[in-house]
Amino acid sequence: MTEETPGFDEKPDVPSGATSDDAEPKTAPSSEGAAPAGDAAAAQVAGLTAQLDQVRTALGERTADLQRLQAEYQNYRRRVERDRIAVKEVAIASLLTELLPVLDNIARARDHGELVGGFKSVAESLESVAAKMGLQQFGKEGEPFDPTIHEALMHSYAPDVTETTCVAILQPGYKFGERNLRPARVAVAEPQPGATPAGGNSESADTVDGKESGGPEEG
């Protein structure tokens, strides 16, 4: 009797009541692996959002610092420019103040008819340069006396003035911009003590006339 060797076509023994499908294990998809992957993605998004918020906060702080620094720089530039202009004005005012006696001598020479020849040309050039630098002369006869810009050297009374008035300019005043380099030295006149203001005579006369001629006589 010959023994037969089982071939590859033969199936292993299967317990009774079981099918061949039950014998082979099946790999079912597992949902446990998908859940951790979703949580990791959510955690990564949350981390990126937090980093973005930090970057935005830092950017806002740096922007505020830059704006503050720019404002401080602009204020510094304006302050330096203002100081530069002030120093320049002080230097020019000091120079013009030193030139005032020279200008007075030129004015006296002109009044005496001595401003002639080359001296006249030099004097006029000096006056022109001083004017270009901003020197301004002030003080006129007939203007009201102002103690802030006038210096009274002579005083008198006059019947034809109604207030303290500059009647003569003894020495002109000079200013540079808003700076008064020297007050105008003047002679002033005031109204006569007890003088009736203009227009007062007619009013008093009308009153007197009204009393003398007012109404019919009694009796």
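Scattering from segment 36-113 was approximated by placing one identical point on each alpha carbon and applying the Debye formula without solvent; log10 I(q)/I(0) at 0.26 1/Å stands at -1.07. The solvent-accessible area of V188, taken with every protein chain present and a 1.4 Å probe, is close to 10 Å².
Ligands, DNA and RNA are left out, and with a 1.4 angstrom probe the accessible area of segment 148-189 is 55 Å² per residue.
Computed over segment 84-171, relative contact order equals 28 percent, with contacts defined as Cα pairs under 8 Å that lie 6+ residues apart. Taking all protein chains as they are arranged and a probe of 1.4 Å, the heavy atoms of F119 leave approximately 110 Å² accessible to solvent. The local environment of Q74, defined by Cβ-Cβ distances under 14 Å, has a net charge of +3 under the rule Lys, Arg +1 and Asp, Glu -1. Rounded to the nearest whole Hz, the Karplus-based 3J(HN,Hα) values (6.51 cos²θ - 1.76 cosθ + 1.60, θ = phi - 60°) of segment 161-168 follow the sequence 10, 10, 8, 5, 10, 7, 9, 7, with x at glycine and proline.
Summing charges over all other residues whose Cβ lies under 13 Å from the Cβ of F145, with Lys and Arg as +1 and Asp and Glu as -1, gives -4.
If only the Cβ of Lys and Arg carry +1 and only the Cβ of Asp and Glu carry -1, the dipole of segment 105-188 around its Cα centre is close to 380 debye.
When nucleic acids and ligands are ignored and a 1.4 Å probe is applied, R56 ends up with an accessible area of around 150 Å².
The length gained on full extension between T63 and N105, counted as 0.36 nm times the residue separation minus their Cα-Cα distance, comes to 8.8 nm.
The values are calculated or read from the model by the stated rules, or taken from the named source; none is laboratory data. All values derive from a computational prediction rather than experimental measurement. Reconstructed Cβ throughout: ideal geometry from the backbone, glycine too, with neighbour counts over all protein chains shown. These area figures cover heavy atoms from the full protein model, side chains too; ligands, DNA and RNA do not enter into them. Shrake-Rupley method; radii C 1.70, N 1.55, O 1.52, S 1.80 Å.
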